[in-house]
Amino acid sequence: MEHNILKIINKIPKLEKGQRIVLGIDGLSRSGKTTLTKKVVQHLQEKNISVCLFHIDDYIVEKKRRYNTGYEEWHEYYNLQWDVNWLKENLFQKLKKSNELQLLTYDYSSDTQKLEIIEIPDTCIIVIEGVFLQRKDWRNFYDIIIYLDSSREMRFNRESQATKNNIEKFQNRYWKAENHYMEVETPLAQADIVIRN
């Protein structure tokens with residue numbers, strides 16, 4: 001893991017005053033994105049580099065907009081879980097130019113979105129972590145994109161037993177969406193660094 005952290009850190013250009021660099025950490029569910037992201041952020045902070053971190057799962061929409069919509073389950077997960085255009089306009093397009101972002105953050109306990117104001121320093125590395133980050137609507141906003149590649153079998157083994165028992169949801173919802181992403185967006189080919197995990 002340490003070798004991979006250094007590989008990523010070395011790929012990031014020297015941060016100049018007044019500059020923001022956007023780093024995307026992409027990968028399918030349970031590929032190890034959160035763990036890797038924590039280590040990268042920690043490494044940067046130890047070098048006194050200002051970091052602004054976004055988890056794409058913090059910006060999903062309410063359940064009524066992504067379940068029982070009449071669309072196939074995989075389509076709901078891939079296309080409706082996030083308001084892709086809203087995030088493009090309110091998050092991605094503003095990363096380099098706005099000092100303040102107004103984002104709708106999802107509250108899992110109440111299944112609601114609430115407005116959150118996030119300030120971004122003039123000079124910082126912005127890290128965005130999540131699944132399907134390289135969809136064409138968002139792809140051009142990263143300066144560097146990392147892709148964590150992990151087999152479906154390994155990723156499924158990392159799920160809890162209760163989650164594993166509901167394999168139909170994976171077959172109908174998650175895996176078909178993942179297949180679509182891999183075929184349509186070719187994230188392995190597009191990424192600057194691919195890490196096998």
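Packing-wise, with mean Cβ within 10 Å as the measure, how do 135-146, 54-65 rank, highest first?
Output ranking for 135-146, 54-65: 135-146, 54-65.
If each residue's Cβ is checked for other Cβ atoms within 10 Å, how do 66, 196 rank with the fewest at the top?
With the sparsest Cβ surroundings first, the list reads 196, 66.
With a sphere of radius 12 Å drawn around the Cβ of residue 106, what net charge do the other residues whose Cβ falls strictly inside it have (Lys, Arg +1; Asp, Glu -1)?
Once all neighbours under 12 Å are counted, the net charge is -3.
Per residue and in Å³, how big is the convex hull formed by the alpha-carbon atoms of the stretch 2-196?
Given the Cα convex hull of the stretch 2-196, per-residue volume reads 128 Å³.
Among 172, 188, 61, whose Cα projects farthest towards the positive end of the dipole of the chain, with charges put on the beta-carbon of Lys, Arg (+1) and Asp, Glu (-1)?
188
Restricting to Cα pairs below 8 Å that are 6+ residues apart, what does the relative contact order work out to for the stretch 2-196? Please round to a whole percent.
Contact order relative to length: 35 percent.
Highest mean first, how do 125-133, 160-168 rank when packing is the count of other Cβ atoms within 10 Å averaged over residues?
125-133, 160-168
Between beta-carbons, use under 12 Å as the cut-off and find the net charge around residue 40, counting Lys and Arg +1, Asp and Glu -1.
Result for the local shell: +3.
What is the Cα coordinate range of the stretch 16-109 on the first, second and third principal axes, sorted by size from largest, in whole angstrom?
Sorted largest first, the three principal extents are 49, 29, 23 Å.
Considering every pair of different Cα atoms, what Kirkwood radius, in Å, is found for the stretch 1-43?
Taking the inverse mean of 1/r over all distinct Cα pairs, the stretch 1-43 comes out at 11.6 Å.
Let me test this: with uniform point scatterers at the alpha carbons of the stretch 143-197, what is the Debye-based log₁₀ I(q)/I(0) at q = 0.19, 0.27, 0.28 1/Å?
-0.77, -1.10, -1.13
Please arrange 34, 186 by how many other C-beta atoms lie within 10 Å of their C-beta, fewest to most.
186, 34
Every read-out reported here was derived from the displayed coordinates using simple, explicitly stated rules and does not represent laboratory data. Model, not experiment: these values are computed from the prediction. Quick reminder, even Gly has a Cβ in these numbers, built from the backbone with ideal geometry, and neighbours come from all protein chains shown.
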